[in-house]
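Read through the structure below, which is laid out as structure tokens, and then see the notes.
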Amino acid sequence: MKLVSYKTEDREHLGVYINGHIYNLNSCDKLLPDNMNEFLQGGDVLMERAKKVDTQIKDGSLEAKEEIFYEILAPVPHPTSCRDGYAFSQHVAAARRNRKVDMIPQFDEYPIFYFTNHNAIQGTGDIECMPDHFEKLDFELELAIVIGKKGRNITAAEADEYIAGFMVMNDMSARTLQMEEMLLNLGPAKGKDFSTVIGPWLVTPDELEQYKVAPKDGHTGNAYNLKMTCRVNGIEVSKGNAADMDWTFAEIIERCAYGVDILPGDVIGSGTVGTGCFLELNGTGMLNDPNYKSQWLQPDDVVEMEITGLGALTNTIIKANTEFSILGLKKK
């Protein structure tokens, strides 16, 4: 099942996406809420009701009216929190190699994550960026999950049961801001907090069963053979596979939930896939060729990320009409 959040006029709604059409769930079953947050709060009970509606529409036993005029939103427009992991060793190793430092051994000891701005979640559409964001503006190609039920002190062996669904994720990054502030060993903050993009819909785990593979040796939890690509202005710049995650989402959840509640509506990203951002690609390019020309996102660029089974997430980069700069406020 593909769950989608959308807006008609000034109201947000929850629907299912079937063969290019959106159907409102609440209009098909009045016991289903008309927004994603309330729906996720209902846990497995509401998920099963929604799957029944989805099946009935697909087999023709339920006549449902499709939505015609709408605006697609992030599948979870108002997440309770947003964490981002660091699950792909290929990305970490390449980024460190490009900085001429050794791979950090602690990567193999435990999964890590940081909290980013859950109020800056976006879906398909325009991403408005400030002048300072364009100082090395970057994408990050990721996979993300949404938590579907409350839990605490969850083991990795049981953690996959807490996943409501999967999405494409673009962790937008302003590298100059990020690199400046992380010199103080606290961050990232302003380099990351302006936009995290998820979508185009939330795909329930049963749809990915056909792509399931074994996790890496010594790891616990589900892994999936999902091709991941990113195109900028129609040109493929990045490709990878979700099966290359060293830390599984189950293991990341285990760490996230230690001593604290995870909640329905929490979003957790995988971290960047290998070759999944310009920072890594530029660094590798310059390491191999001193004349390599670095590339960063520019105004009017179109970024399209696609993951097998999860669809394509498309955004256009827009420059805000202002000259305001926090980089210009630095004390000398």
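The values are calculated or read from the model by the stated rules, or taken from the named source; none is laboratory data. What you see is a predicted model, and the numbers here were worked out from it, not measured in a lab. Cβ coordinates were reconstructed from backbone atoms using ideal geometry, including for glycine residues, and neighbour counts include every protein chain displayed. Side chains are part of the model used for accessible areas, which takes the heavy atoms of the whole protein and leaves out ligands, DNA and RNA. Shrake-Rupley method; radii C 1.70, N 1.55, O 1.52, S 1.80 Å.
Among the numbered conditions (1) open to solvent by less than 20 Å² (accessible area, probe 1.4 Å); (2) under 29 Å from L14 (Cβ atoms), the only one that D138 does not meet is (2). As a summary of the residue check, Y6 satisfies the conditions (1) surrounded by fewer than 21 Cβ atoms within 10 Å (Cβ to Cβ); (2) touching a His at 6+ places or on another chain (Cβ under 8 Å); (3) under 12 Å from L73 (Cβ atoms) except for the one numbered (1).
The rows are residues; the columns are (1) among the hydroxyl-bearing types (S, T, Y); (2) at pLDDT 95 or above; (3) not assigned by the TED database to the domain that holds Y114.
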| residue | (1), (2), (3) |
| --- | --- |
| A156 | no, yes, no |
| A159 | no, yes, no |
| P188 | no, no, no |
| D193 | no, yes, no |
| I198 | no, yes, no |
| T204 | yes, yes, no |
| P215 | no, yes, no |
| H219 | no, yes, no |
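Taken together, the residues in the range 253-274 that are open to solvent by 30 Å² or more (accessible area, probe 1.4 Å) and either in contact with a helix residue (DSSP H, G or I) (Cβ under 8 Å, 6 or more places away or on another chain) or not in a strand (DSSP E or B) (or both) amount to 6.
Criterion applied to A250, A320 was being touching a Ser or Thr at 6+ places or on another chain (Cβ under 8 Å), among the small types (G, A, S) and open to solvent by less than 30 Å² (accessible area, probe 1.4 Å), and the one residue passing it is A250. Restricting attention to the range 297-317, the residues that are of a type outside the set (D, E) and open to solvent by 70 Å² or more (accessible area, probe 1.4 Å) total 1. Considering only the range 65-107, state which residues are among the small types (G, A, S), at pLDDT 95 or above and open to solvent by 20 Å² or more (accessible area, probe 1.4 Å). Within the range 65-107, no residue meets the criteria. Among the residues of the range 183-223, the one identified as part of a strand (DSSP E or B), touching a helix residue (DSSP H, G or I) at 6+ places or on another chain (Cβ under 7 Å) and in contact (Cβ under 8 Å) with a residue 60 or more places away in the chain is T196. Within the range 278-295, residues that are touching a residue at least 12 places away in the same chain (Cβ under 8 Å) and in a loop (DSSP other than H, G, I, E, B) have Cβ atoms under 9 Å from residues that are buried (at least 16 other Cβ atoms within 10 Å of the Cβ) and among the basic types (K, R) in these pairs: S294/K136, counting only partners at least 6 apart in sequence or on another chain.
Determine, yes or no, whether G15 is open to solvent by less than 40 Å² (accessible area, probe 1.4 Å) and on the phi > 0 side of the Ramachandran plot. Here the answer is no, as G15 does not meet what is asked.
Applying the criterion of being part of a loop (DSSP other than H, G, I, E, B) and modelled with pLDDT of 95 or more to the residues of the range 49-63, the residue that is farthest from I22 (Cα to Cα) is S61. Among the residues of the range 226-245, those identified as touching a residue at least 12 places away in the same chain (Cβ under 8 Å) and surrounded by fewer than 16 Cβ atoms within 10 Å (Cβ to Cβ) are K227, N233, G234. If you go through the range 74-126 and pick out every residue that is part of a helix (DSSP H, G or I), closer than 23 Å to G240 by Cα and touching a strand residue (DSSP E or B) at 6+ places or on another chain (Cβ under 8 Å), you end up with 1. When the test is whether a residue is basic (K, R), in the same structural domain as N315 (by the TED database), in contact (Cβ under 8 Å) with a residue 12 or more places away in the chain and open to solvent by 20 Å² or more (accessible area, probe 1.4 Å), R49 does not pass it. Here D54 clears all of (1) surrounded by fewer than 20 Cβ atoms within 10 Å (Cβ to Cβ); (2) outside the structural domain of P264 (by the TED database); (3) over 24 Å from I262 (Cβ atoms); (4) touching a residue at least 24 places away in the same chain (Cβ under 8 Å) except the condition numbered (1). Within the range 286-303, the set of residues being in contact with a Phe, Trp or Tyr (Cβ under 6 Å, 6 or more places away or on another chain) and either among the hydrophobic types (A, V, I, L, M, F, W, C) or modelled with pLDDT under 95 (or both) comprises M286, W296, V303.
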